[in-house]
Structure formats: structure tokens, C-alpha cells
Amino acid sequence: MTGLRGGQPETGIAPGAEHAATAEAGGTLRAGGLWTDAWHDLVRRPLFWASVVVLVVMSVMSVVPGLFTSQGPNEGCNLRWSKVGPSAGHVFGFDVQGCDYWTQVVHGARPSMVIGLAVTIVALIVAVILGSLSGYYGGWLDSVIARVTDIFFGLPFVLGATVVLVAFPDHGIGAMCLVLVVLGWTTMTRVMRGQVIAVKDAEYVTAARALGAGGGRVMFRHILPNAIAPVFVVAMLNVGNIIAGEATLDYLGVGLQYPTVSWGLQLNVAQDFFLDYPHLLIFPAVFLSLTVLSFILLGDAVRDALDPRLQ
């Protein structure tokens, strides 16, 4: 039975606990409401849908190339057709090996998309773990993680990858992913650490601790949902940067090697024939640029939707 104590209703809840419970629920709902509001904002943005359409097409092209061409990579090549330009039956012409260039460009999407997404996902996982531990616990653990991050952050991305890949010439997509992960996790880790530090002393986190929530529950239930948004945006932008970096390494001749087909390798070959056969450079460059630009526009759109100050 509810009584009165000091003019206030007696609810059986310890003083301050009711406020703590409300704050704890608010901390959980805050993240959900943020993403819901962001989605409602995104669906009204034409650039968001344009970038999504391009990325869906590129993703399908990389996963199921058979929907776009009936030939495999480096199949049906004939040197008699070497460097022949676009025609009615072959809209992209032929490459220097006499292979249908549309087929080669289609198959070139897979390495770029696989490397870009795989590297970003692994780097994001590393960044979330290290950034969360560093920001939440602080102390010597924060110092160690921060110094290691600074060391890797100081390594030039393309130059560092070039040195490693030249030292191990017999590398494939797996080795490329490993090298790019090692060099590509630092920025997201710094952002994650800063977000955790900003969130860990919020009222709803303090309220959760007052209710007896352990460190793991506080981290996964309250801190991560409210700290991950900026890191997620950086990760989306990072996909485009990784794809551009992979293409750059291929173009420099230290990335993937023939018979692998990739946009970067096609640009590497086309540089010697651009003046006489511009189609060899234009088509893979357009596909690469559209993919990178779409990831950047998607990341910008999500960032603007998640930050009310940019509305």
C-alpha cells in the first residue's frame, strides 16, 4: 500500500533509484531514437539513394558477375582484337590481351569491394575493442594503447603498404587485407576512444552503475550504443579510402598481380596506351571513381543525419 512520507508518496524504491531507472532506460532509448531519426532523415536525401543504388549495383557485380557477363575473367581473349575500341557488340572494346573489356571491368569489381569491406570490418572491430578499453578504463591501459596507436598512425599508408608488399611479392587478396588492416585501424580507434570518454560520465551511465550494473553491461548496453555512431560514419568513409588505396597499390605495381583482375591493375596497364586507346583507362577509372565517391557521399549523408547540429 502506498503511503506518505514527508509529503511524498512512498513507492518502496530507494531514494534516487527511480530517477536512476528512468535515466538508465533513457540512455538505452536515446541510441535507438538517434538511429530512427537518422533513418527518417536519410530517406529524404536524394544523394543517399543515389549512392545506395551505385553501391548495390557494384556489390551485386562483385558477388554475382554472371548477371552482367557470361564470360569469366581472362576468358575468350584473342590478340587479334587487342586494344580495339568500343563497338556495337563490345561496348567497352577490348584490352591489350584482346579480352572483352566490359567483362574485365565487371570482374575487376570483386577485389576492390572485397578488400574495401573486409579491411574496414576487421579494422572497425579492432578499433571498437581497443578504443572502448582505452577510453573506459584509462590509466596505464590507455597509455599503452595510445602509444601503440601513435606509432601505427605515424606510418604513411601507401608507403608503408608498398614496403611490406614489395618484401613479400607472392601475395594475394588475403595478404593485401592484412597489410591494410594493420595500417588502417588507428583513426577509428582514436574516434572510438574519444566517444567513450565523452559518454562514460553521462547521467544515464552513472545511473546504471548506481543500480548495480557491471562494467560489461554498462559498456554494451549504454556506452557502445551511444558512442558508436561517429565511428560508424568514419568506417563508411574508410571503405572508399581503402578501395582507393588498394587501386593505388595495384597501379604502382606492388598490389595484386596478373592473372587477378582489378580496376587498379587495369589502370596500371592503360597508362602506357592512354593517348591512343583512352577507353582502356576511362572505363575502369569511372567505375572506381563512382564506387569511392558513393561511399564518401553515403558516409557524409549518415554523418549529417546523425548530427542534429548539421541539420
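The values are calculated or read from the model by the stated rules, or taken from the named source; none is laboratory data. None of the values given here were measured: they were computed from a predicted structure. Note: ideal-geometry Cβ built from the backbone for every residue, glycine included; neighbour counts use all protein chains shown.
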Subject >> Residues that are free of Cβ contacts under 8 Å to residues at least 40 places away in the same chain and among the hydrophobic types (A, V, I, L, M, F, W, C), drawn from segment 64-101 >> reply: Val64, Leu67, Phe68, Cys77, Leu79, Trp81, Val84, Ala88, Val91, Phe94, Cys99
Subject >> Scope segment 176-232; condition buried (at least 19 other Cβ atoms within 10 Å of the Cβ) and in a loop (DSSP other than H, G, I, E, B); matching residues >> reply: Trp185, Lys200
**OP:** Can you give me the number of residues within segment 131-148 that are charged (D, E, K, R) and without any contact (Cβ under 8 Å) to a residue 24 or more places away in the chain?
**Re:** 1
Subject >> Near pairs, Cβ below 9 angstrom, 6+ apart or cross-chain, from segment 151-165 (among the polar types (S, T, N, Q)) to any residue that is surrounded by 14 or more Cβ atoms within 10 Å (Cβ to Cβ) and assigned to a helix (DSSP H, G or I) >> reply: Thr162/Leu249; Thr162/Leu252
**OP:** Consider Val254 carefully, then state whether it is in contact with a helix residue (DSSP H, G or I) (Cβ under 6 Å, 6 or more places away or on another chain), over 21 Å from Val164 (Cα atoms) and either at pLDDT 85 or above or outside any loop (DSSP other than H, G, I, E, B) (or both).
**Re:** no
Original post:
Are any residues in segment 291-311 part of a helix (DSSP H, G or I), more than 16 Å from the chain's Cα centre (by Cα) and either loosely packed, with under 14 Cβ neighbours inside 10 Å or modelled with pLDDT of 95 or more (or both), and if so, which ones?
Top reply: Pro308, Arg309, Leu310
Original post:
When you look at Asp272, is it at pLDDT below 90 and of a type in the set (Asp, Glu), yes or no?
Top reply: yes
**OP:** Please go through segment 201-222 and pick out each residue that is basic (Lys, Arg) and within 25 Å of the chain's Cα centre (by Cα).
**Re:** Arg221
Subject >> Residue, nearest to Thr291 (Cα to Cα), within segment 218-251, restricted to residues that are of a type in the set (Gly, Ala, Ser) and at pLDDT 90 or above >> reply: Gly240
Original post:
Scanning for something in a helix (DSSP H, G or I), of a type in the set (Ser, Thr, Tyr) and over 24 Å from Gln195 (Cα atoms), does segment 89-101 turn up at least one residue?
Top reply: yes
**OP:** Look at segment 65-96 and say how many of its residues are surrounded by fewer than 17 Cβ atoms within 10 Å (Cβ to Cβ), among the polar types (S, T, N, Q) and under 35 Å from the mean Cα position of the chain (by Cα).
**Re:** 2
Subject >> helices (runs of 4 or more DSSP H) (entirely within segment 102-167) containing at least 2 residues that are of a type in the set (Asp, Glu) >> reply: 139-153
